[in-house]
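The values are calculated or read from the model by the stated rules, or taken from the named source; none is laboratory data. Small disclaimer: the values here were computed from a predicted structure and weren't measured. Neighbour counts are summed over all protein chains in view; Cβ atoms, including those assigned to glycine, are modelled from backbone coordinates with ideal geometry. For accessibility, only protein heavy atoms count, side chains too; no ligands or nucleic acids. Shrake-Rupley method; radii C 1.70, N 1.55, O 1.52, S 1.80 Å.
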Amino acid sequence: MTDNSSNKMWGGRFAAGPDAIMEAINASIGFDKRMAAQDIAGSRAHAAMLAATGIITDNDAAAIREGLLTILSEIEGGTFEYSTSLEDIHMNVEARLKEVIGEPAGRLHTGRSRNDQVATDFKLWVRDQLDAFEGGLIALIQALLGQAEAGADWVMPGFTHLQTAQPVTWGHHMMAYVEMFGRDLSRVRDARARMNESPLGAAALAGTSFPIDRDMTAQALGFDRPAANSLDAVSDRDFALEFLSTASICAMHLSRFAEELVIWSSAQFRFVTLSDRFSTGSSIMPQKKNPDAAELIRAKVGRIFGANTALMMVMKGLPLAYSKDMQEDKEQVFDAADNLMLALAAMEGMVRDMTGNRTELAAAAGSGFSTATDLADWLVRVLGLPFRDAHHVTGALVGMAEQQGCDLPDLTLAQMQSVHDGISESVFDVLTVENSVNSRMSYGGTAPAQVRAQVARWQELLA
């Protein structure tokens with residue numbers, strides 16, 4: 001007879017005792033059922049290979065194939081019943097397969113283990129996410145290119161330390177984010193190429209004595225080749241870490257842009273107007289239009305960074321080969337992938353819908369002595385002053401303008417000549433923001449011609 005009082009230590013939910021706790025901590029079906037399609041694809045490829053190599057009969061392979069398709073239909077139709085006692089998606093599918101086709105189901109697991117099975121399923125799932133990640137990045141880049149092309153010659157302030165630095169163009173600012181997300185795109189493509197090796201056939205950790213054809217299953221599942229070491233194949237989670245690392249860098253870029261949109265859409269800046277589709281109102285202040293989508297994107301980075309750190313911590317102390325710790329690899333990746341794709345889609349929508357307020361941008365572009373560097377460059381180029389001397393003269397003129405309560409172009413020639421008598425009327429040609437941005441013709445500069453060239457380059461790259 002069991003003394004129920006001994007179960008008090010397990011708490012209310014686990015009053016049934018240690019078995020209930022073990023089932024709860026061991027089961028992964030609550031989250032790894034997301035890999036059902038990948039699991040069935042891997043099993044179909046494995047069964048076809050077993051038949052082709054004579055390990056199982058063609059009749060058994062046909063029964064397995066049809067049974068797996070039936071199960072996939074049940075899962076997609078929402079009628080499949082998952083069991084926690086069966087632990088994971090792999091055992092749930094296998095148990096249901098036995099119910100559907102009987103004895104042949106028991107031959108499916110020949111020459112493989114759950115270790116290589118789960119590694120294969122997870123790789124297939126992450127690979128699908130990388131493909132979706134790539135598509136989301138391309139869509140966002142295209143939206144940014146549209147903004148850059150439309151505003152290639154719009155002037156706005158460029159900032160360092162969030163202080164006015166020099167005039168730039170709206171198009172140039174948009175293209176800065178194209179470059180950032182372009183690097184993310186290259187990382188996604190690199191990661192996909194690097195991870196595209198099949199673990200299937202590595203079995204538990206040592207390979208198998210059955211005469212399997214790993215090249216056949218790798219090809220059937222779209223992998224470039226089978227993984228070359230069975231120990232590494234079942235214990236590698238670099239592909240998941242690289243996905244999370246790439247996602248983290250991209251999320252950081254999204255967050256930087258989101259921060260700018262929050263600032264730019266404020267009443268103090270009014271650089272952009274966000275569409276109603278990506279804004280919300282206030283329950284008490286009728287004038288408010290809040291950039292909630294941008295703020296939520298900015299917050300998503302914490303979850304994605306956290307997932308990256310969590311999986312690093314899971315993997316850092318594991319000896320070869322497989323350990324049950326690795327069951328903790330999926331929930332973080334699933335959550336990060338969901339939030340990344342949501343953030344990418346929201347940012348693309350905001351960029352496509354947002355309106356740059358050209359008048360406000362131009363007004364701000366000329367404030368804060370933004371053409372001071374152009375003045376210093378003119379003193380070097382025209383008067384031959386060493387740059388440090390030109391910097392000193394320009395600083396004195398900025399100080400004079402501050403005292404007068406005006407900007408540099410508002411100083412008279414006489415006032416300028418009181419600081420340096422070599423200054424001539426032509427200096428005023430470089431003190432307009434339009435002339436300033438047009439002069440920045442160095443490769444990668446802010447001149448409208450350079451911006452349009454970069455837009456064209458990216459359009460060609462994406463095409």
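Since residue 300 meets every condition but one in (1) closer than 20 Å to residue 354 by Cβ; (2) surrounded by fewer than 17 Cβ atoms within 10 Å (Cβ to Cβ), which condition does it not meet?
Exception for residue 300: condition (2).
Looking at 27, 20, 62, 45, can you tell me which residue is open to solvent by less than 50 Å² (accessible area, probe 1.4 Å) and over 30 Å from residue 335 (Cα atoms)?
Testing whether each residue is open to solvent by less than 50 Å² (accessible area, probe 1.4 Å) and over 30 Å from residue 335 (Cα atoms) leaves just 62.
Pairs please, first residue from segment 249-265 and closer than 20 Å to residue 163 by Cα and among the acidic types (Asp, Glu), second anywhere and open to solvent by 10 Å² or more (accessible area, probe 1.4 Å) and assigned to a helix (DSSP H, G or I), Cβ atoms under 8 Å, 6+ apart in sequence or on different chains.
Close Cβ pairs satisfying both conditions: 259/298.
If I filter segment 397-421 down to residues being surrounded by 14 or more Cβ atoms within 10 Å (Cβ to Cβ) and among the small types (Gly, Ala, Ser), which single residue comes out as nearest to the chain's Cα centre (by Cα)?
Among those residues, the one meeting the criterion is 401.
So which of 441, 416 ends up being within 20 Å of residue 170 (Cα to Cα), without any contact (Cβ under 8 Å) to a residue 40 or more places away in the chain and not small (Gly, Ala, Ser)? Reasoning before the result, please.
Working: 416 fails: within 20 Å of residue 170 (Cα to Cα).
Result: 441 is the single residue among 441, 416 that is within 20 Å of residue 170 (Cα to Cα), without any contact (Cβ under 8 Å) to a residue 40 or more places away in the chain and not small (Gly, Ala, Ser).
Is at least one residue of segment 279-288 closer than 30 Å to residue 164 by Cα and open to solvent by less than 50 Å² (accessible area, probe 1.4 Å)?
yes
Within segment 176-183, is even one residue part of a helix (DSSP H, G or I), under 24 Å from residue 332 (Cα atoms) and open to solvent by less than 60 Å² (accessible area, probe 1.4 Å)?
Checked against the condition, which is being part of a helix (DSSP H, G or I), under 24 Å from residue 332 (Cα atoms) and open to solvent by less than 60 Å² (accessible area, probe 1.4 Å), segment 176-183 yields at least one hit.
So which residues in segment 192-206 are open to solvent by less than 30 Å² (accessible area, probe 1.4 Å) and either more than 23 Å from residue 320 (Cα to Cα) or assigned to a loop (DSSP other than H, G, I, E, B) (or both)?
Answer for segment 192-206, where residues must be open to solvent by less than 30 Å² (accessible area, probe 1.4 Å) and either more than 23 Å from residue 320 (Cα to Cα) or assigned to a loop (DSSP other than H, G, I, E, B) (or both): 196, 199, 200, 201, 202, 203.
If you scan segment 240-254, which residues turn out to be open to solvent by 10 Å² or more (accessible area, probe 1.4 Å) and farther than 15 Å from residue 183 by Cβ?
The answer is 241, and nothing else.
For segment 158-174, which positions are under 28 Å from the mean Cα position of the chain (by Cα) and surrounded by 18 or more Cβ atoms within 10 Å (Cβ to Cβ)?
Looking only at segment 158-174, we keep the residues that are under 28 Å from the mean Cα position of the chain (by Cα), and these are 158-162, 168-174.
158, 168, 169, 170, 171, 172, 173, 174, listed by residue number.
Go through (1) surrounded by 16 or more Cβ atoms within 10 Å (Cβ to Cβ); (2) in contact (Cβ under 8 Å) with a residue 60 or more places away in the chain one by one and return the number of the condition residue 71 breaks.
All conditions pass for residue 71, except number (2).
I'm checking my understanding of the structure. Among residues of segment 121-162 that are in a loop (DSSP other than H, G, I, E, B) and not aliphatic (A, V, I, L, M), which one is farthest from residue 263 (Cα to Cα)?
Selected residue: 153.
Does residue 107 satisfy the condition of being modelled with pLDDT under 95 and either in contact with a helix residue (DSSP H, G or I) (Cβ under 7 Å, 6 or more places away or on another chain) or of a type in the set (A, V, I, L, M, F, W, C) (or both)?
Answer is no for this residue.
Filter segment 339-391 down to residues that are among the hydroxyl-bearing types (Ser, Thr, Tyr) and part of a helix (DSSP H, G or I) and give me whichever is surrounded by the fewest Cβ atoms within 10 Å (Cβ to Cβ).
Filtering segment 339-391 for residues that are among the hydroxyl-bearing types (Ser, Thr, Tyr) and part of a helix (DSSP H, G or I), the one surrounded by the fewest Cβ atoms within 10 Å (Cβ to Cβ) comes out as 359.
Pick from segment 422-454 the residues that are open to solvent by less than 20 Å² (accessible area, probe 1.4 Å) and in contact with an Asp or Glu (Cβ under 7 Å, 6 or more places away or on another chain): which of them is farthest from residue 364 (Cα to Cα)?
Among residues in segment 422-454 that are open to solvent by less than 20 Å² (accessible area, probe 1.4 Å) and in contact with an Asp or Glu (Cβ under 7 Å, 6 or more places away or on another chain), the one farthest from residue 364 (Cα to Cα) is 448.
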